[in-house]
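The values are calculated or read from the model by the stated rules, or taken from the named source; none is laboratory data. Since the structure is predicted, the reported quantities are computational estimates derived from the model, not experimental observations. Neighbour counts are summed over all protein chains in view; Cβ atoms, including those assigned to glycine, are modelled from backbone coordinates with ideal geometry.
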Amino acid sequence: MNLIYIHQHFMTNAGAGGTRSYDVAKYMVQAGHRVHMICGIYDISGLARMPWYRLFRRERIDGIDLTVCNVYYSNKLGAAKRMWSFFWFAFLATWAVLRSPRPDVVFATSTPLTVGIPGYLGARLRRKPFVFEVRDIWPESLIRSGWVTGKELYIRMMERLEVFLYNRAKRILLVSPGFETRLIERGFPAEKLKTILLGAEGDLFRQVTPDTQFIETQGLAGKTIAIYTGAHGKANGLDYIVEAAQHSRDRQDIAYVLIGEGMEKTRLKELAKDKGLTNIVFADPVPKERLPGILAVCHIGLMILKDIGEPRPVTPNKIFDYMFMGMPAVVNFEGPTIEMVRAEGCGVLADPKDPADLAAKVQSLADDRAWAHELGERGKKAAWQKYDRRMIAGELMAVFEAAARSPERVAEF
């Protein structure tokens with residue numbers, strides 16, 4: 001099978017973010033399929049930038065044919081520059097699809113929502129099936145989080161684009177059961193939807209050498225470490241961790257570590273400094289290939305999002321990293337993530353409105369190492385049984401092969 005795979009934020013293990021597309025594409029190539037990945041340049045992806053006058057660059061990585069569109073993106077960009085990045089990528093990616101070898105299936109994975117434009121147009125013009133993967137229900141998530149009112153013109157346009165893409169896709173894949181539930185509530189046919197979780201790359205966690213250099217560099221020797229890995233944006237609500245660290249300031253044997261980047265990071269560092277906190281560390285993003293070694297010297301994984309007064313439908317990829325590493329998780333939001341954690345018996349819930357409760361949960365796990373170990377071992381067992389990306393890739397391949405076998409009835413413009 002020849003698959004065109006569109007992911008604006010694609011990155012390999014040399015990058016400092018999610019690598020699911022790389023892992024899945026790699027396993028598809030190993031299974032004998034051809035994968036043509038079309039992506040942009042995310043600032044944490046590890047992909048080299050290009051001169052302004054070049055539109056594309058072709059590479060081959062682990063058997064994956066890669067077309068890199070000269071579109072830069074960073075979480076530090078303002079709203080206007082982000083939107084420009086999204087639509088410029090949609091234009092260049094459409095061009096790249098039309099220049100690619102004839103596919104059997106065109107697959108686009110959000111975010112952003114606009115990757116569905118080259119996915120749909122490419123499939124329509126090449127007369128092949130279009131499969132769309134939803135990693136966030138956008139722009140609904142912005143509205144429900146209170147970041148926008150929903151009355152803005154560009155939000156109304158995105159809502160129409162969202163429905164258009166969902167209706168035109170042959171299959172809609174979701175990375176969380178909460179997303180599937182929500183789309184069914186909104187009236188999309190259940191038979192068109194399928195949840196395939198993000199999972200994690202088990203091979204990264206098979207033989208891990210603890211990164212003692214990280215411990216020494218950050219002055220964390222001998223401490224119980226609660227770690228957060230991921231974006232530092234408004235939606236993440238990381239003031240919650242800073243306030244929890246303040247409640248734990250008398251426990252100098254406990255440290256909170258945040259690894260990642262985002263618009264809020266500078267402010268959060270200043271906030272911790274103003275509070276005089278010495279038990280919280282803000283570390284730079286690290287390549288994915290280094291992350292397991294850092295997790296190996298930590299003890300508790302933090303799953304934190306800003307409280308919006310209702311359950312979150314997401315299942316972020318970092319929970320699977322924690323599980324593969326045998327770390328108990330502390331989650332501060334209701335929804336599919338904590339439901340999975342409860343079902344697997346690998347973590348606890350902290351009150352999202354009370355940072356002191358996060359501090360209390362972390363202290364309890366620090367003081368009861370046997371309990372923490374038991375939770376971590378349950379998570380590790382479940383991870384290897386259910387959430388390895390080899391299995392995830394197999395599920396995705398089955399969807400693509402089924403789509404390729406069934407002729408696509410292409411809707412008119």
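Which numbered condition trips up A255, out of (1) crowded, with 16+ Cβ neighbours inside 10 Å; (2) over 22 Å from A283 (Cα atoms)?
(2)
I'd like to know if segment 228-235 contains one or more residues that are closer than 27 Å to L396 by Cβ, free of Cβ contacts under 8 Å to residues at least 60 places away in the same chain and not aromatic (F, W, Y).
Checked against the condition, which is being closer than 27 Å to L396 by Cβ, free of Cβ contacts under 8 Å to residues at least 60 places away in the same chain and not aromatic (F, W, Y), segment 228-235 yields no hits at all.
Residues that are of a type outside the set (F, W, Y) and buried (at least 19 other Cβ atoms within 10 Å of the Cβ): list the strands (runs of 3 or more DSSP E) wholly contained in segment 126-238 that include at least 3 such residues.
Of the strands (runs of 3 or more DSSP E) lying wholly inside segment 126-238, those with at least 3 residues that are of a type outside the set (F, W, Y) and buried (at least 19 other Cβ atoms within 10 Å of the Cβ) span 130-134, 171-174, 224-229.
Pick from A80, A96, A48: which is farther than 30 Å from M397 by Cα and either of a type in the set (A, V, I, L, M, F, W, C) or more than 21 Å from the chain's Cα centre (by Cα) (or both)?
Just a single option satisfies the conditions, and that option is A80.
Kindly indicate which of G122, G150 is without any contact (Cβ under 8 Å) to a residue 24 or more places away in the chain, in contact with a helix residue (DSSP H, G or I) (Cβ under 7 Å, 6 or more places away or on another chain) and not polar (S, T, N, Q).
Of G122, G150, the one residue that is without any contact (Cβ under 8 Å) to a residue 24 or more places away in the chain, in contact with a helix residue (DSSP H, G or I) (Cβ under 7 Å, 6 or more places away or on another chain) and not polar (S, T, N, Q) is G150.
Is it true that R127 is under 18 Å from Y42 (Cβ atoms) and either in contact with a helix residue (DSSP H, G or I) (Cβ under 6 Å, 6 or more places away or on another chain) or basic (K, R) (or both)?
On the way: under 18 Å from Y42 (Cβ atoms): no; either in contact with a helix residue (DSSP H, G or I) (Cβ under 6 Å, 6 or more places away or on another chain) or basic (K, R) (or both): yes.
In short, no.
Does V330 qualify as being in contact with a Lys or Arg (Cβ under 9 Å, 6 or more places away or on another chain), among the hydrophobic types (A, V, I, L, M, F, W, C), touching a residue at least 24 places away in the same chain (Cβ under 8 Å) and more than 29 Å from R249 (Cα to Cα)?
So V330 fails the test.
Can you pull out the residues in segment 106-119 that are of a type outside the set (S, T, N, Q) and crowded, with 24+ Cβ neighbours inside 10 Å?
From segment 106-119, those of a type outside the set (S, T, N, Q) are 106-108, 112-113, 115-119; that's our starting set.
Listed by number, the residues that qualify are V106, F107, A108, V115, G116, P118, G119.
Please give the number of the condition H373 fails out of (1) within 18 Å of the chain's Cα centre (by Cα); (2) part of a helix (DSSP H, G or I).
(1)
For the subset of segment 70-105 comprising residues that are among the small types (G, A, S) and within 17 Å of R124 (Cα to Cα), which member is surrounded by the fewest Cβ atoms within 10 Å (Cβ to Cβ)? Outline the logic, then answer.
Filtering segment 70-105 down to residues among the small types (G, A, S) leaves 74, 78-80, 85, 90, 93, 96, 100.
So of that shortlist, the ones also within 17 Å of R124 (Cα to Cα) come out as 90, 93, 96, 100.
On the way: A90: 24, A93: 29, A96: 24, S100: 17.
Applying the filter and picking the extreme gives S100.
If you check V314, V297, which single one turns out to be at pLDDT 95 or above, in a loop (DSSP other than H, G, I, E, B) and among the hydrophobic types (A, V, I, L, M, F, W, C)?
Testing whether each residue is at pLDDT 95 or above, in a loop (DSSP other than H, G, I, E, B) and among the hydrophobic types (A, V, I, L, M, F, W, C) leaves just V297.
Taking segment 95-112 as the region of interest, how many residues are closer than 16 Å to L165 by Cβ and at pLDDT 95 or above?
Adding up the residues that qualify gives 6.
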